Amino acid sequence: MKCNIVCIPGDGIGPEIVTQAKNVLETVGRVFGHTFEMQDVLMGGASIDAYGEPLTDETIEIAKAADAVLMGSIGGNTATSPWYKLPPQKRPEAGLLRIRKALNLFANLRPAVLYEELAEACPLKAEVRGGGFDIMIMRELTGGLYFGKRETVTENGKRKAIDTLTYSEDEIRRIAIKGFEIARKRKGKVTSVDKANVLDSSRLWRSVVEEVAKSYPDVTLEHMLVDNCAMQLVRDPKQFDVILTENMFGDILSDEASMVTGSIGMLASASLNDTKFGLYEPSHGSAPDIAGKDIANPIATILSASMMLRYTFDLDKEADAIEQAVHDVLKAGYRTADIMSEGFNQIGCKEIGRLICEKIRS
Ligand code: IPM
Ligand code: MG
């Protein structure tokens, strides 16, 4: 198979972790007989430095013409980087939001899995984590508060900021359908998370999700308020299968869920539209403080590449091989700094990438 992939290394640790994911893809290509054509483009701070804007129209066109996009991370230190002196729509994150919208990537899948090998990195007590957990966070990605009208005005000499949270029933319906479809292939449970005791957008969310649920009688639906969900994730994460939620709640809960698994450095994500196209990126940020030191964990990006093989290219066997290689390397006792605990062997970004490639070849 020939696959046309656009890579966005991005900022901070982005280039290091994407390099390792590209090596893994090349290895899979050689072992299984596929050609992964990979072309790098700039986004975020790197694009600001080169073109004066975080995402150019040309980059959007290149991404649209590809089969899939593999991304590292974008952004810098918000306190010190000159990128954050620019107007908000010129900052690195604006590029990410814009590409999600331009490619209509409304469904963001963020799996939070507790790896057996990493049980000791999980901050929860043994009796809480039990035999591990496997949660799929399905986050709506192109609506809500992050895409509403926003402004800062001055009234009677005082500044006032306004952000708008809007959801249409169509936006809710299409993500809910994705959530139920995924749940059907997993344990068959959807927890829809909202703040329906306060927000109108959440009340509409709840009622549309209930309408969609009628077509999935084999899937159990429960509703949970977002504040309760934040608590339940650390109290009893095993209760969850698919968490279906709106943009901002999903942003926050997915970071929390990732920490519960031991490290945000392990969590992949896929952002999908209603075709096979997808943008794949780790759930974590660009960690500018550790950039260039060869200590970042590339596993989330490598697992994002594996999600790409599964969801965009239907290459399940190849995706399994990547995931198995990650497990094997962890089982063999190798750890990057973020998942290190006593008695294990601490190695860097390049070395863990190399070991994963070696396992795929063996
Ligand atoms: C994420 C990030 C982004 C988001 C930021 C960088 C805009 O936090 O992918 O979770 O909030 O979506
Ligand atoms: Mg986030």
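Counting the residues of the range 232-256 that are assigned to a helix (DSSP H, G or I), within 14 Å of ligand 1 (Cβ to nearest atom) and open to solvent by less than 10 Å² (accessible area, probe 1.4 Å) gives 4. Against the definition (under 23 Å from Ile356 (Cα atoms), in contact with a helix residue (DSSP H, G or I) (Cβ under 6 Å, 6 or more places away or on another chain) and not aliphatic (A, V, I, L, M)), how does Gln20 come out, yes or no? Yes: the conditions hold for Gln20.
Does Pro111 qualify as being surrounded by fewer than 19 Cβ atoms within 10 Å (Cβ to Cβ), touching a residue at least 60 places away in the same chain (Cβ under 8 Å) and either in a strand (DSSP E or B) or outside the structural domain of Met307 (by TED's automatic domain parsing) (or both)? No.
For a quick check of your reading of the model, give me the residue pairs whose first member lies in the range 145-160 and is open to solvent by less than 80 Å² (accessible area, probe 1.4 Å), whose second is within 14 Å of ligand 1 (Cβ to nearest atom) and part of a helix (DSSP H, G or I), with beta-carbon atoms closer than 7 Å and at least 6 apart or on different chains. Hits for this filter: Leu145/Asn247; Leu145/Met248; Tyr146/Leu97; Tyr146/Asn247; Tyr146/Met248; Phe147/Lys101.
Modelled with pLDDT of 95 or more, away from ligand 1 (no atom under 16 Å from the Cβ) and closer than 21 Å to Ser283 by Cβ, is that true of Val209? Answer is no for this residue. On the given criteria, is Ser283 touching an Asp or Glu at 6+ places or on another chain (Cβ under 9 Å), part of a helix (DSSP H, G or I) and within 15 Å of ligand 1 (Cβ to nearest atom)? No: the conditions fail for Ser283. For the range 158-177, the criterion of being over 24 Å from Arg100 (Cβ atoms) and touching a Lys or Arg at 6+ places or on another chain (Cβ under 6 Å) is satisfied by no residue at all. Across the range 269-281, not a single residue is classified as within 16 Å of ligand 2 (Cβ to nearest atom), farther than 30 Å from His327 by Cβ and charged (D, E, K, R).
Rundown of residues vs (1) basic (Lys, Arg); (2) farther than 28 Å from Met231 by Cβ; (3) surrounded by 15 or more Cβ atoms within 10 Å (Cβ to Cβ), yes/no style:
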site	(1), (2), (3)
Gly132	no, no, yes
Ser168	no, yes, no
Ala176	no, no, yes
Gly179	no, no, yes
Arg184	yes, no, no
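Taking the range 80-93 on its own, how many of its residues are within 22 Å of Asp40 (Cβ to Cβ), open to solvent by 30 Å² or more (accessible area, probe 1.4 Å) and either assigned to a loop (DSSP other than H, G, I, E, B) or small (Gly, Ala, Ser) (or both)? Qualifying residue count, the range 80-93: 1.
To keep it simple, each residue is scored yes or no on (1) assigned by TED's automatic domain parsing to the domain that holds Thr245; (2) touching a residue at least 24 places away in the same chain (Cβ under 8 Å); (3) of a type in the set (A, V, I, L, M, F, W, C); (4) within 16 Å of ligand 2 (Cβ to nearest atom).
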position: Tyr84; (1), (2), (3), (4): no, no, no, no
position: Gln89; (1), (2), (3), (4): no, no, no, no
position: Leu141; (1), (2), (3), (4): yes, yes, yes, yes
position: Ile162; (1), (2), (3), (4): yes, no, yes, no
position: Asp170; (1), (2), (3), (4): yes, no, no, no
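Whenever a residue of the range 318-341 is open to solvent by 60 Å² or more (accessible area, probe 1.4 Å), its partners that are modelled with pLDDT under 95, lying with C-beta atoms within less than 7 angstrom and at least six residues away or across chains, give the pairs Lys331/Glu117; Asp338/Ser263; Asp338/Gly265.
For every residue, the table says whether it meets (1) surrounded by 16 or more Cβ atoms within 10 Å (Cβ to Cβ); (2) polar (S, T, N, Q); (3) part of a helix (DSSP H, G or I).
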site	(1), (2), (3)
Val24	yes, no, yes
Gly29	yes, no, yes
Met38	yes, no, no
Leu42	yes, no, no
Ala46	yes, no, yes
Glu61	no, no, yes
Met71	yes, no, no
Thr78	no, yes, no
Gly95	yes, no, yes
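The values are calculated or read from the model by the stated rules, or taken from the named source; none is laboratory data. Since we're looking at a predicted model, the values are computed, not measured. Using ideal geometry, Cβ is built from the backbone for each residue, glycine included, and neighbour counts are taken over all protein chains shown. Ligands, DNA and RNA are excluded from the accessible area calculation, which covers all protein heavy atoms including side chains. Shrake-Rupley method; radii C 1.70, N 1.55, O 1.52, S 1.80 Å.
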